[in-house]
Each structure stands twice: as C-alpha cells, then as structure tokens.
Amino acid sequence: MKRWKKCPLLALLLVSGIVMEGIALANYNGIYADYHGAGTAPAVASVFMAAKDHIYPWSREEALQEPGDKEETPVPQEQPSESVSESGAADSPESGAVSGNEAGSVSGGVSENDMPGSVSGNETESISGNEAGDGQTPGSAEPENGEGQTYGFTQVGEDYFDDAVFIGDSRTQGLFEYGGLENRATFYCKTSLTVYDLFEKGKPFIKEGDEKLTLEEALTRHQFGKVYLMIGINEMGTGTAESFFESYAKAVLEIRRLQPDAIIFVQGIMRVAGDKNASDPIFNNTNINIRNVEIQTLANNRDIFYIDVNEAVCDENGNLHADWTFDQIHLKAKYYQVWKEFLMAHGVVR
C-alpha cells in the first residue's frame, strides 16, 4: 500500500485502465463492435480507436453510424446567375400544345431552321398525338432485382419514345413541332401552361377527337411507359420558389398515381439567354436554378429521374446560347434536335 502512495500516478493509470477495459468489454458488441478487429488487440484499444473517430461511451446515437463514414447529402451546384422567361407568359411565341401523329396538321409545314416562330401554329390546345399509350403495355415493368434497384442513363433510339408522353408549355410545344418525335411520342402541351393548370385548376387543354380533356382524364384513359415533364418558366412571376415546388411535387405524385408503371422524367427548367438573365429581376437564371435544385430532389433513380437539358443548350457561363434563341427564351427550330439528342442520351432501361 505504501508503494502505491509513493506512486499515485501509476495507481491512477492502473485504475483508469481497468475502468476503460470494463467500458470496452461492456460495449464489445455495441458501439465498439467495429473497432476490435479480429480480437487480437486488447479490448481497451477499441476505446481509443473509436475516440479517434469522435465516438465516446456516451455518444451512443453517433455510434449507430458507420465509423468515419458520415454521409453528406450532395447539393447540386448552381450555375452562374442567369435570367429567365417572360412575365408569366414566356411562351407567347408559341401555339397550343399538340401531340403525336397529328403533328403535321399543327406545325403547318413550317420547319425553316431559324424561323422565329419555332413554337407556333394557330391552335391553342393540346392534341393527343398517335395515341401512343392506347392499349400498350408500358415498357417499365418492376425490376427483377427488387424495388430498391437504381438505374443509370443509357443511349437509346427514337423508338424508345413510342410509349412516351411529353407534358409541358410552349418549349415542349417546340419540341413537338421541330424535334422529330411527333410521329412517335404523344404530346400534352400548351402555350403558357403552368403547373397549376395540370391538376389544381384542372383545365381541359388536351384535344382528342371532338373532346377536350383535362390532364387527369387523358392520363386515366391512356397508360404510358415514360412521362416527360418540362414546366416552370411561366410560373416565375407567381408565388415563391417554395409554393411552386409544392405544386410541382403534388403534380408529380398525381402523375405517379395515374401512371403507376411509367418512368417519370422531371426535366430541369430550360434557362434563358445572357441578356435576359442580366436584365430581368424575375425571369433570370438564378431563379431558374433555385427551382431546378428543388425539382432534382424528387428523383430517386428508380422510377423518377432528373434530367437537365441545360447541359446541352447552355454556354460556358450557364446561359442559353444567344445565337440558339430568337427571343432569349425559346430555341430556334433547328436546335430542338439538340434537345432530342440529349433525351436519347439519357434513356433508362429497366
């Protein structure tokens, strides 16, 4: 006993070691389960190795995570600030939405490459095209590997769009008229269409024969293998980014309910050219980017995918190519082919 009194530090170290060993053994299969290796090292060593990863006997919640592997949610980088469409009616140069095989009657044969009216025509309502979904079995059966499987993008041919429907405003109208998919895909689009018109207001804008259908009616009547959604430019001057996203997310959920087997592609809002970006306090690319970051959060890479055509149509500053647009907002006719090629490079085959 006298020896211990002469060496209090040694006694303290011995007692501390016994206590630490007890803690390590008590949590051997708990918070220190990943630190004692094959059991060749003393149990107390796991206490010090865990402490290096900021895991202590009292931090039981943190210990539930894999040691040294705390994930961070990636935040999509915003492009340099840029400007966006017209005051709620960025689609003004275009005609109504049309789709499918009936395209020829809508585009009126106007296909000059740089024709300013790249989204035009006399109709103001969408026409359900070649009835792409009628009686067809959507080409998106559940993966054999289980519901949790995720998928990457792959190159596809034009026939990939035979069971696809494109929903959107005048920019989608332009894709219908000049993208070369009018004889394959169905288009439910209309000039100045907003996310609020899809389900909240339930406006009938889809022409099918002698009928005018709401989007809900059309998607109930026809089943598709893929659904492409591009909308958001006309809503910039209404509400906030948060209220827009709330309505957008509800619309995607409703599309999923009506099209349970379809692959849904939520498309980033196409940006505007540099002059528009620099001069418009509302319709600029900063505001577009904010909305696109929100839209991207809806993707799960299983049955909902985010694709951003801005990768293909914007310059090094993140603005829509100035010489690719006739009004700072809409593509010239020949550049809708770039959009189509981008879509073909981002197919999903399950």
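Near Val338, within a Cβ-to-Cβ distance under 11 Å, what is the net charge of the other residues, with Lys and Arg +1 and Asp and Glu -1?
On the way: positive: Lys332, Lys334, Lys340; negative: Glu311, Glu341.
So the environment of Val338 carries a net charge of +1.
Going through the cross-link list Lys226/Lys250; Lys203/Lys340; Lys201/Lys250; Lys250/Lys332; Lys212/Lys332; Lys190/Lys212, which pairs have a Cα-Cα distance over 20 Å in this structure? Lys203/Lys340; Lys250/Lys332; Lys212/Lys332, as the Cα separations exceed 20 Å there. Within the shell of other residues whose beta carbon sits under 13 angstrom from the beta carbon of Gly202, the net charge comes to -1, with Lys and Arg scored +1 and Asp and Glu -1. Computed across the stretch 137-272, the Kirkwood hydrodynamic radius from all distinct Cα-Cα pairs reaches 15.8 Å. Phi angles across the stretch 275-283 convert, under the Karplus curve 6.51 cos²θ - 1.76 cosθ + 1.60 with θ = phi - 60°, into 3J(HN,Hα) values of 5, 5, 4, 6, 10, 9, x, 10, 8 Hz, Gly and Pro given as x. The spacing between the stretch 180-245 and the stretch 305-350, judged by their C-alpha centroids, is 20 Å.
Rounded, prolate or oblate: which one fits the stretch 221-345, using the alpha carbon gyration tensor with axes a ≥ b ≥ c (rounded when a/c is under 1.5, else prolate when a/b beats b/c, else oblate)? Oblate, since a/c reaches 1.5 and b/c is not below a/b. If each Cα of the stretch 292-348 is one equal point scatterer, what is log10 of I(q)/I(0) from the Debye formula at q = 0.12, 0.22, 0.29, 0.31 Å⁻¹? So the normalised log intensities are -0.34, -0.93, -1.16, -1.21.
Find out how many positive minus negative residues lie around Gly268, taking Lys and Arg as positive, Asp and Glu as negative, among other residues whose Cβ is under 10 Å from that of Gly268.
0
Work out the length of the dipole vector of the stretch 260-350 about its Cα centre, built from +1 on the beta-carbon of each Lys and Arg and -1 on the beta-carbon of each Asp and Glu, and round it to the nearest 20 debye. Before the final figure, lay out each step's value.
On the way: 8 positive and 12 negative charges, 45 e Å.
Approximately 220 debye in magnitude.
Only the coordinates and a few stated rules stand behind these numbers; no lab work does. It should be emphasised that the depicted structure is a prediction, and the values quoted were computed from it without experimental measurement. Please note: Cβ atoms are built from the backbone with ideal geometry, for glycine as well, and neighbour counts cover all protein chains shown.
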